[in-house]
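Input: a single structure, listed below in structure tokens.
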Amino acid sequence: MPEFISSLALAGLDGTLRSRFEDDPAAGRMHLKTGFLEGVSSIAGYVKTATGEDVMVVVMANGPGVQWSTGIELQDAVLRWVFER
């Protein structure tokens, strides 16, 4: 498992998540993989909550234009909720 998790991008630090959760307490605590297609937005991986619990997260949405801001906003809201629990 450690090898798999280390292959995922760290929110706020690298990969496709470099610019998300920058300068935020959640930066570096979310190992995630993003995916986008026309009309589809997804993110999945592991979040270490503010209390230190490891939680697996999957967010998938589909609909017109969801691969842009709407899908990312939804993902960020769910990830923030999980991190703060």
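The values are calculated or read from the model by the stated rules, or taken from the named source; none is laboratory data. Here the structure is a predicted model, which means the values were calculated and not measured. So basically every Cβ, Gly included, is an ideal-geometry build from the backbone, and we count neighbours across all protein chains shown.
Could you identify the single residue in 45, 65 that is in contact (Cβ under 8 Å) with a residue 12 or more places away in the chain and assigned to a loop (DSSP other than H, G, I, E, B)? Don't jump to the end; show me each part of the working.
On the way: 45 fails: assigned to a loop (DSSP other than H, G, I, E, B).
None of the others qualify; the one that does is 65.
If you go through the stretch 59-66 one residue at a time, do you hit one that is more than 19 Å from residue 9 (Cα to Cα) and buried (at least 18 other Cβ atoms within 10 Å of the Cβ)?
Taking the stretch 59-66 and keeping what is more than 19 Å from residue 9 (Cα to Cα), we get 61-66.
Next, only the ones that are buried (at least 18 other Cβ atoms within 10 Å of the Cβ) stay: 66.
So far as the stretch 59-66 goes, yes, one or more of its residues are more than 19 Å from residue 9 (Cα to Cα) and buried (at least 18 other Cβ atoms within 10 Å of the Cβ).
Taken over the stretch 19-42, the criterion of being assigned to a loop (DSSP other than H, G, I, E, B) and touching a strand residue (DSSP E or B) at 6+ places or on another chain (Cβ under 9 Å) is satisfied by 20, 21, 26, 27, 28, 29, 39.
If you filter the stretch 65-85 down to residues that are aromatic (Phe, Trp, Tyr) and modelled with pLDDT of 95 or more, you find that the one that is nearest to residue 27 (Cα to Cα) is 83. When the residues of the stretch 5-58 are narrowed to those that are hydroxyl-bearing (Ser, Thr, Tyr) and under 14 Å from residue 84 (Cβ atoms), which ends up surrounded by the most Cβ atoms within 10 Å (Cβ to Cβ)? Taking the candidates together, the pick is 49.
Of the set (1) under 10 Å from the mean Cα position of the chain (by Cα); (2) surrounded by 18 or more Cβ atoms within 10 Å (Cβ to Cβ); (3) aromatic (Phe, Trp, Tyr), all apply to residue 83 but (1).
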